Amino acid sequence: MSEASAFRTLDDAEIANKRVLVRVDLNVPVDNGRVTDDTRIQAVLPTIREISDKGGKVILLAHFGRPKGEDPALSLAPIAGEVASRLGRPVAFAPATTGPVAEAAVARLQPGEVLLLENTRFDKREEKNDPDFVAALARLGDLYVNDAFATAHRAHASTEGLAHKLPAFAGRCMQEEIEALARALEKPQRPVLAVVGGAKVSSKLDLLGNLVAKVDILVIGGGMANTFLAAQGKNVGKSLCEHELAGTALEILDKARAASCEIVLPVDALAATEFKANAAHRVASVDDIRPDEMMLDAGPASVENVVARLEDAKTIVWNGPFGAFELPPFDTATVAVARAAAERTDAGGLLSVAGGGDTVAALNHAGVAGRFTYVSTAGGAFLEWLEGKALPGVEALRR
Ligand code: 3PG
Ligand code: MG
């Protein structure tokens, strides 16, 4: 098998009658008490079901938001119901993460039952990976399963420390993420094309540097493309642009050349003078942007360039939209390329992997997220993985 054989998975665990501490990522967007995107909840249901069906006692550990100490507004209590309704089984809740209240709730569990403990970050020791907190958590379980890839970039007690204290296993979501990402970048079928978009070069320097050494074609889109165009001496008008990073952009282009990675930049744009939905706009060459104009999306010739390269690509890794996709029609390039990638994936010729908060929103907007080979549940962790960094939560699970 692939990368995953380097990890113990649920296949290796003796689960019946065991207390299984399962770290999940339930850090879902909530608006007015409603979960607006339940992807992360859906993603961990298979692991919960499997452990429950095998007669394990499922004890869920999760964080929610970034509380500074206890904060009722960030309690996981309402999320227990959200998990239960999707699981189709009851999920008990304990208003404590460790200590007598949590221990009593665990002691009441029968094989197959599910319990959610309170927000791990209510205890300041969680983020410090404090050994006493790790020990207090470990008292609640016999085994540890980490199914929270989206939090694997954090070396916290519940994501990293516990893996050294109890027999540790990757859950099914974690396993799927590791396998998909390995197929996309560690041992991919070539050519590999990466799409990196989004606003700022400054937030993705490490990522671009890592990708030029690994992929065959790097398509740069979104606001960050303007920084590269400006560095090449083009006038970008009022477009989003980090002029001070011109030198850095040129260095990335040099590094790409040395690594035989082809960089694809926009050749045209949808140019407008106002940043709003349905703003008056024109298709303009990147050599012909007026001083009062902004490039709000890649233009049709740019889209054609990317789609043509997709014809030969065997693997695509996508992070970040091309334009201001939340403002139509400046979603056009993102939607067109996303659909082309989905079609090639459907036809069987392309392995497509995408991740990062905005990216998933953009693919959902294009209506194609379900047609990609794999869409990561992770935001920050996906980015750190694209940067080539080791994720502490993943590393701790290695055999
Ligand atoms: C996320 O949403 O990125 C993860 O749940 C991790 O949360 P954090 O960025 O607050 O550590
Ligand atoms: Mg984050």
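The values are calculated or read from the model by the stated rules, or taken from the named source; none is laboratory data. Remember, predicted model here, so these are calculated numbers, not experimental data. Using ideal geometry, Cβ is built from the backbone for each residue, glycine included, and neighbour counts are taken over all protein chains shown. Surface accessibility is based on the protein's heavy atoms, side chains included, excluding ligands, DNA and RNA. Shrake-Rupley method; radii C 1.70, N 1.55, O 1.52, S 1.80 Å.
So the values come out like this:
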{"item": "The chain: relative contact order in percent, alpha carbon pairs under 8 Å with at least 6 residues between", "result": "16 percent"}
{"item": "Inter-centroid distance (Cα atoms) of the range 248-265 relative to the range 81-141, Å", "result": "48 Å"}
{"item": "Accessible-area order (highest first, 1.4 angstrom probe) of the listed residues V35, V267", "result": "V267, V35"}
{"item": "Solvent exposure ordering (accessible area, 1.4 Å, most first) of Y144, Y374", "result": "Y374, Y144"}
{"item": "Net charge, G320 excluded, C-beta distance under 12 Å - Lys, Arg +1, Asp, Glu -1", "result": "+1"}
{"item": "Candidate residues K57, K200, K18: accessible-area rank, largest first, probe 1.4 Å", "result": "K200, K18, K57"}
{"item": "Accessible area of T98 in the full protein assembly, 1.4 Å probe (Å², nearest 10)", "result": "30 Å²"}
{"item": "Summed side-chain charge close to S85 - residues other than S85 whose Cβ falls under 13 Å, Lys, Arg +1, Asp, Glu -1", "result": "+1"}
{"item": "For R125, solvent-accessible area (1.4 Å; no DNA, RNA or ligand), Å²", "result": "80 Å²"}
{"item": "Förster-model FRET efficiency, 22 Å R0, Q110 and R49, C-beta, rounded to 0.05", "result": "0.85"}
{"item": "Euclidean distance of C-alpha centroids, the range 349-399 and the range 287-306, integer Å", "result": "27 Å"}
{"item": "Shape call, the chain: gyration tensor on alpha carbons, a/c limit 1.5", "result": "prolate"}
{"item": "Cβ crowding within 10 Å averaged over residues, with 363-370, 242-249, 133-140, 276-283 ranked highest first", "result": "133-140, 363-370, 242-249, 276-283"}
{"item": "Total charge dipole magnitude, the range 263-387, about the Cα centre, Cβ charges on Lys, Arg, Asp, Glu only, Debye to nearest 20", "result": "340 debye"}
{"item": "Between helix 300-312 and the chain: long-axis angle, C-alpha atoms, 0 to 90°, nearest 10", "result": "60 degrees"}
{"item": "Prolate/oblate/rounded call for the range 1-137, Cα gyration tensor, a/c under 1.5 rounded", "result": "rounded"}
{"item": "Rounded percent of accessible protein surface that carbon and sulfur make up, the chain, 1.4 Å probe", "result": "49 percent"}
{"item": "Between helix 172-181 and the chain: long-axis angle, C-alpha atoms, 0 to 90°, nearest 10", "result": "30 degrees"}
{"item": "Estimated FRET transfer efficiency (V307, R282; beta-carbon r; R0 35 Å; 0.05)", "result": "0.95"}
{"item": "Length-normalised contact order for the range 263-399 - Cα pairs under 8 Å, 6+ apart - percent", "result": "18 percent"}
{"item": "Check: the chain dipole with +1 on Lys, Arg Cβ and -1 on Asp, Glu Cβ, in debye", "result": "800 debye"}
{"item": "Global form of the range 215-329, assessed from the alpha-carbon gyration tensor, a/c cut-off 1.5", "result": "oblate"}
{"item": "Over the chain: helical MRE at 222 nm, DSSP H runs n ≥ 4 each giving -39500 (n - 2.57), nearest 500", "result": "-10000 deg cm²/dmol"}
{"item": "Solvent accessible area, Å² - S202, 1.4 Å probe, full protein context", "result": "60 Å²"}
{"item": "Counted charge near R290, where neighbours are those whose Cβ lies closer than 15 Å (Asp, Glu -1; Lys, Arg +1)", "result": "-3"}
